[in-house]
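Below is one structure, written out as structure tokens, with a few remarks after it.
The values are calculated or read from the model by the stated rules, or taken from the named source; none is laboratory data. Since the structure is predicted, the reported quantities are computational estimates derived from the model, not experimental observations. Here Cβ is always computed from backbone atoms with ideal geometry, including for glycine, and neighbour counts include all displayed protein chains. Surface accessibility is based on the protein's heavy atoms, side chains included, excluding ligands, DNA and RNA. Shrake-Rupley method; radii C 1.70, N 1.55, O 1.52, S 1.80 Å.
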Amino acid sequence: MNEELHGHSTEILLSKCLNCGNPFLKEHDYQIIDGNSYLTNETQFFPDREKPFAKNCPKIVINPYQEAIKCYRANAYDACAIMCRKGIEAICIDKGEKKGKLVSRLENLNSKGILENTLFDWANELRLIGNDGAHSHDLSVGQEDAKDSLDFFEALITYLYHLVNQYQELKKRRNK
């Protein structure tokens, strides 16, 4: 058996996305058998694909977030804002507020203590920007507002679906 024809190799790739122009960093692991390389594992280091909040976030909420990212990367800023607004609606549904206008549902989450005042303000602003994207024919959502919408939507998800759970786990550990 020729040892040069068998083994493992690792390849590190620093590349540029052809869609958005941003860099990404990956590692490919290969198994070499009879001189042929077979990809056995691919790890993406940057940008991080798995956000901490995604683990506990329900599909109804994470799907609009992922769509909003796609819209932003495609320079579809109105659509990005609309998807962030859809995500706010999904949060309301997930938290038990299924009826009424979105502003009323957000106010109910605020009065229940689920959305603290600052988070309520952020969610309401996302609602308004989403309304501009969906209903205004005079205004269009710009890149900066779309990016801020994504950032605040991610912050809401992080708080509601990651940090609240992480805090509960901390309390359980400390109470033992």
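Using just the alpha carbons, could you tell me how many Å³ per residue the convex hull of the chain encloses?
Values: hull volume 29.5 nm³, N = 176.
Value for the chain: 167 Å³ per residue.
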Quiz item: Which of the peptides 38-47, 70-79 is most tightly packed, and how do the rest follow, going by the mean number of other Cβ atoms within 10 Å of each residue?
Solution: 70-79, 38-47
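Provide the per residue accessible area, probe 1.4 Å, for the stretch 52-176, rounded to a whole number of square angstrom. Don't skip to the answer; put the middle values down first.
Details: 7410 Å² over 125 residues.
Here the residues of the stretch 52-176 average 59 Å² of exposed surface.
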Exercise. Sorted from largest down, give the three principal axis spans of the alpha carbons of the stretch 60-143, whole angstrom values.
Key: 36, 26, 23
Quiz item: Using the Cβ atoms and a cut-off under 13 Å, what net charge is assigned to the surroundings of His28, where Lys and Arg are +1 and Asp and Glu are -1?
Solution: -3
Practice problem: Taking all pairs of distinct Cα atoms, average 1/r, flip it, and tell me the Kirkwood hydrodynamic radius of the stretch 121-172 in Å to one decimal place. | Solution: 12.4
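Where the accessible area of the stretch 41-176 is counted over protein heavy atoms with a 1.4 Å probe, how much of it, in %, is carbon and sulfur? Mind showing how you got there, number by number?
Working: 4010 of 8340 Å².
Answer for the stretch 41-176: carbon and sulfur cover 48 percent of the accessible area.
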Exercise. Could you calculate the contour length gain from Thr43 to Ile60, that is, 0.36 nm times the residue separation minus the distance between their Cα atoms, to one decimal place in nm?
Key: 3.4 nm
Quiz prompt | 3J(HN,Hα) from dihedral phi, the stretch 167-176, Karplus parametrisation 6.51/-1.76/1.60, rounded to Hz, x for glycine, proline | solution = 5, 4, 5, 4, 4, 4, 4, 6, 7, 7
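In the structure displayed, which of Lys59/Lys86; Lys55/Lys95; Lys59/Lys112; Lys70/Lys147 lie more than 19 Å apart, Cα to Cα?
Violating the 19 Å limit, Cα to Cα: Lys59/Lys112.
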